[in-house]
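Shown next, in structure tokens, is the structure this report addresses.
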């Protein structure tokens, strides 16, 4: 069965990309928690000053002191944003796309078992999905997790191959979809 390799690849790739979830939690959350605590402390101070009418110990604060406190608050918000950025890059890139493309390979692999078209046509569809996945979310994985940004040159090829695979799978389904498993020659 030609689609078998897509099903096997899809499940194994899903394990790889799904494992990015624990990686994000273990490696990135402690920095985020520290930044959140720092932000809460500074923003809490600003909130207290505002509720006290910008007075400290019943003395009005100078504009310079208020500006310095506000600057500290803005910097703490920026530090929090910077601490969350790596997690968001992993989550939005290889984690989400990898999971989706792994599941797409599983579905296409199963669908190919029910499509009666030439073996070469099915092989092309099958390999387009595997190569498209590796060149899209696989490259995102290497770029974001391992900081290999030079790979961005080949990253656009992945989505093109996946879209071509979807198009050809649609044509193949229109031509030869059967309600039962088809034996490939």
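Is at least one residue of segment 143-151 surrounded by fewer than 21 Cβ atoms within 10 Å (Cβ to Cβ), modelled with pLDDT under 95 and either touching a strand residue (DSSP E or B) at 6+ places or on another chain (Cβ under 7 Å) or at positive phi (or both)?
Among the residues of segment 143-151, at least one is surrounded by fewer than 21 Cβ atoms within 10 Å (Cβ to Cβ), modelled with pLDDT under 95 and either touching a strand residue (DSSP E or B) at 6+ places or on another chain (Cβ under 7 Å) or at positive phi (or both), which makes the answer yes.
Inspect segment 110-130 for any residue being modelled with pLDDT of 90 or more, more than 14 Å from residue 182 (Cβ to Cβ), surrounded by 16 or more Cβ atoms within 10 Å (Cβ to Cβ) and within 20 Å of the chain's Cα centre (by Cα) and give the result as yes or no.
There is at least one residue in segment 110-130 that is modelled with pLDDT of 90 or more, more than 14 Å from residue 182 (Cβ to Cβ), surrounded by 16 or more Cβ atoms within 10 Å (Cβ to Cβ) and within 20 Å of the chain's Cα centre (by Cα).
Within segment 152-185, count every residue that is over 28 Å from residue 113 (Cα atoms) and either touching a helix residue (DSSP H, G or I) at 6+ places or on another chain (Cβ under 9 Å) or modelled with pLDDT under 90 (or both).
Step one: filter segment 152-185 for residues over 28 Å from residue 113 (Cα atoms), giving 152-156.
Adding the requirement that they be either touching a helix residue (DSSP H, G or I) at 6+ places or on another chain (Cβ under 9 Å) or modelled with pLDDT under 90 (or both) leaves 152, 154-156.
Total meeting the criteria: 4.
Kindly indicate whether residue 26 is exposed (fewer than 12 other Cβ atoms within 10 Å of the Cβ) and either touching a strand residue (DSSP E or B) at 6+ places or on another chain (Cβ under 8 Å) or closer than 27 Å to residue 152 by Cα (or both).
Numbers: exposed (fewer than 12 other Cβ atoms within 10 Å of the Cβ): yes; either touching a strand residue (DSSP E or B) at 6+ places or on another chain (Cβ under 8 Å) or closer than 27 Å to residue 152 by Cα (or both): yes.
Yes; evaluated as a whole, the condition is true for this residue.
The values are calculated or read from the model by the stated rules, or taken from the named source; none is laboratory data. Keep in mind that this is a model prediction, so the values were computed, not measured. Cβ: placed from backbone, ideal geometry, glycine included. Neighbour counts: every protein chain shown.
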